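The values are calculated or read from the model by the stated rules, or taken from the named source; none is laboratory data. Note that the structure is a prediction, hence the values are computed from the model and not measured. All Cβ positions, glycine included, derive from the backbone under ideal geometry; neighbour counts span all protein chains shown. Accessible surface areas use protein heavy atoms only, side chains included; no ligands, DNA or RNA. Shrake-Rupley method; radii C 1.70, N 1.55, O 1.52, S 1.80 Å.
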Amino acid sequence: MAIALTTELDAINTCLAVIGESPVNSVTNTGLVDAVTARNTLYETLRQVQSTGWSWNTDYDYVLQPQFPLPGEIRLPANTLTVDAMDPSLDYVQRGLRLYDRGRKTYTFDANVTVRIIRLLDFEEMPQVARHFVMVRAARIFQDRTVGSTTLSTFNKEDELRALVALRNDEATNRGYSIYNNSDARRILGWPRIPNRTGF
């Protein structure tokens, strides 16, 4: 059998393994409370990790349209974690699944709005390095809450740290971080400044 990317079921079974439980073939209809708890912990971790915003779950220059007739409300996609106007002079925030203009104190807009949007992706929509980190973090949290062994928690935290380092390295590669793209470094070297959205 060919090696495949980590699945949601793999992650749930890893959570079960850290407390000494046998793997399951499915979370539904198993009657195993620990499997359901492991899945809920995985989902909680997914939301927490992705809310930070990564290159793979963030869209820039995303256009939102108000509902007709104008002015109308702007409804956000159901998986929106956070949204922010690309124009820094506009004070728009997410309230539920609607966009709210804090400056004008209204939910209605008369034109399209261009935003940066961070979305909650399903486990298997994430890249492998992110899947691994979420799996390891969820397993550590699950073990802490279920068994609470200090010794096991120490090993799991070390695994989590290694997975986080790998995720951040991948993020740096995807965003093209470089000392030569840093404004201060370019100024010292006498190079022209290159503005971009990452702040480097």
Considering only residues that are farther than 13 Å from D110 by Cα and either without any contact (Cβ under 8 Å) to a residue 24 or more places away in the chain or over 19 Å from the mean Cα position of the chain (by Cα) (or both), look in the stretch 65-84 and name the one that is surrounded by the most Cβ atoms within 10 Å (Cβ to Cβ).
R75
Do any residues in the stretch 96-125 that are modelled with pLDDT of 95 or more have Cβ atoms under 7 Å from those of residues that are loosely packed, with under 13 Cβ neighbours inside 10 Å and of a type in the set (F, W, Y), where the two are at least six apart or on different chains, and which pairs are they?
R116/Y60
Got at least one residue in the stretch 90-112 being assigned to a strand (DSSP E or B), touching a Ser or Thr at 6+ places or on another chain (Cβ under 9 Å), surrounded by fewer than 18 Cβ atoms within 10 Å (Cβ to Cβ) and among the polar types (S, T, N, Q)?
yes
Can you tell me which residue is nearest to E125 (Cα to Cα) among those in the stretch 4-30 that are open to solvent by 40 Å² or more (accessible area, probe 1.4 Å) and hydroxyl-bearing (S, T, Y)?
T7
Report yes if Y62 is of a type outside the set (D, E), farther than 20 Å from D159 by Cβ, part of a strand (DSSP E or B) and under 18 Å from the mean Cα position of the chain (by Cα), otherwise no.
yes
Can V129 be described as in contact with a strand residue (DSSP E or B) (Cβ under 9 Å, 6 or more places away or on another chain) and either surrounded by 13 or more Cβ atoms within 10 Å (Cβ to Cβ) or assigned to a strand (DSSP E or B) (or both)?
no
Within the stretch 36-57, residues being of a type in the set (A, V, I, L, M, F, W, C), within 15 Å of L16 (Cα to Cα) and touching a residue at least 40 places away in the same chain (Cβ under 8 Å) number 2
Scan of the stretch 61-83 for residues that are farther than 13 Å from R116 by Cα and not aliphatic (A, V, I, L, M), ordered by number:
Q65, P66, Q67, F68, P69, P71, G72, E73, R75, N79
